Each structure stands twice: as C-alpha cells, then as structure tokens.
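Enquirer: Submitted below is the structure of interest, expressed as structure tokens.
Please treat every number below as a calculation from the coordinates, not as lab data. None of the values given here were measured: they were computed from a predicted structure. Here the Cβ positions follow ideal geometry from the backbone for every residue, glycine too, while neighbour counts run over all protein chains shown.
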C-alpha cells in the first residue's frame, strides 16, 4: 500500500507541475485504480495484480479512444 | 401402521464451538453504520480508519484527495448547491460527495474555475471523480459497519 501511495503521490506531483493532458490521464487512471483496488477483498498480490491491470486498461482504452477520435478532430 | 420407536435419550448437541472460526475484528465492531458513513463522507477514508481498515482508509484518502487537489489545480468547476440546470445539480451531488474537499474547495481554488481551457474541463471531471470515489468508499464503510462485508 505504501508503494501505491508513493506512486500516486509522484504521479500527482508530475501532473500538477506539468498540467499535461497525458499526465492528467495517467494520474486519473492511477488514482481510480487505487480506489477500485481498495474495494476488492483479495490477498495483497492479487490486489497489486488487479491494480496494475486496471491501470493499464485505463491507459490503453484512453489512448485507443483518442486514436479512434483523431480522424474527426479537424 | 405402527409409529417408529421414539428415542428417549436426546442426542448430544454437536460441539460447534470448536469448528467455528475465531471472531474476526469485524464481528467485534459495534459501530453505528450511519455515523461511520457520515465520517466517511466528511473525510475520505475516515470511516474505514474508524473500522480499523487503515490500509483501505489511506488508499481512499489518497485517491479522493489527490483527485480533488489535481482538479483544483487544473481550475475545474465546483458546482454550487443551487442550480437550475439538472446537470448542475448532478455535478453538485458528485462534488459534494467528496466531503471536506468540497467544503474547502473555495479556499483551495482561489483563482476560480477556468473551463474555457481543456485543462479546466479536465479539472471539473477530476473533482467529480473525487466525489464519486468517496461515495463508493462511504457505501463500503457502511456495509462493513453493518456487518454485511468484511
């Protein structure tokens, strides 16, 4: 849990300092993944696996949706 | 048809006390679920902290707090309580669910909202997401205090 908190804090600082859209998406994915992981009733290794999967799916779906919308951006 | 013979000596009760698991800390809790839910709403993670789930409490506090702080930093819109727009009312409900972060939003976001930029619009979503995350935590804490979840 402390590693997840450190990761969230680092991502939050980066997102707040750069205000980049990409880092905003990454920080959103990381923080919501932590919250969803806290809801699960599993062992610690399974929770870490769940958090990583949730985070990666957030990023992949976000980037995928962005590329799908790219042809209609102009 | 003859009745079956009745056993006069009742069977000894099974000794279930040995097979029962040891009482977990959750079964020992005698917390009022409504009070726990109120505490969980007021400060994200406080409900779980009072229920001795400190890891989850820290996780919910970090998640909701960081979402709200990034939202304020991106100058997202904090919806007021009175709105004629139904979406504004929904936005208020989502924002207000973040508890102390909503109550202190006007102090933390001194520059005011700036939703003309995309970053400000993202900030609005971050603040609402903080409230929704805390709302989930409130329900979870209520369920644990009620004894329906562990």
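Enquirer: With a Cα-only, solvent-free Debye model of region A:19-62, what are the log10 I(q)/I(0) values at q = 0.17, 0.24, 0.26, 0.29 Å⁻¹?
Expert: Scattering profile of region A:19-62, log10 relative to I(0): -0.44, -0.76, -0.84, -0.96.
Enquirer: Next up: How far apart, in nm, are two points set 7 Å out from the Cα along the Cα-to-Cβ line at residue B:100 and at residue B:114?
Expert: For the pair residue B:100/residue B:114, the computed spacing is 2.8 nm.
Enquirer: Would you mind ranking B:53, B:66 so that the residue whose beta carbon has the fewest other beta carbons within 10 Å leads the list?
Expert: The order, fewest Cβ neighbours first, is B:53, B:66.
Enquirer: What ranking of A:53, A:23 emerges when the number of other C-beta atoms within 10 Å of each C-beta is taken as an exposure proxy, fewest first?
Expert: On the way: A:53 12, A:23 18.
Listed from fewest to most nearby Cβ atoms, that is A:53, A:23.
Enquirer: What are the semi-axes of the equivalent ellipsoid for region B:23-102, taken as the square roots of 5 times the Cα gyration tensor eigenvalues, largest first, in whole Å?
Expert: They are 30, 16, 7 Å, listed largest first.
Enquirer: Something else about it: Report the calculated FRET efficiency for residue B:35 and residue B:150 (r = Cβ-Cβ distance, R0 = 22 Å), to the nearest 0.05.
Expert: That pair, residue B:35 with residue B:150, gives E of 0.70.
Enquirer: Take peptide B:64-70, look around each residue's Cβ out to 10 angstrom, count Cβ atoms belonging to other protein chains, and average those counts.
Expert: Mean number of neighbouring Cβ atoms from other chains: 6.
Enquirer: With a 10 Å Cβ neighbour count serving as the proxy for reagent exposure, in which order, fewest first, do B:62, B:84, A:59 appear?
Expert: B:84, A:59, B:62
Enquirer: Distance in nm between label sites at residue B:52 and residue A:40, each 7 Å beyond Cα in the beta-carbon direction?
Expert: My value for the distance between the label points is 2.5 nm.
Enquirer: Relative contact order for region B:30-146: what is it in percent, counting Cα pairs under 8 Å that are at least 6 residues apart?
Expert: In percent, rounded to a whole number, it is 40.
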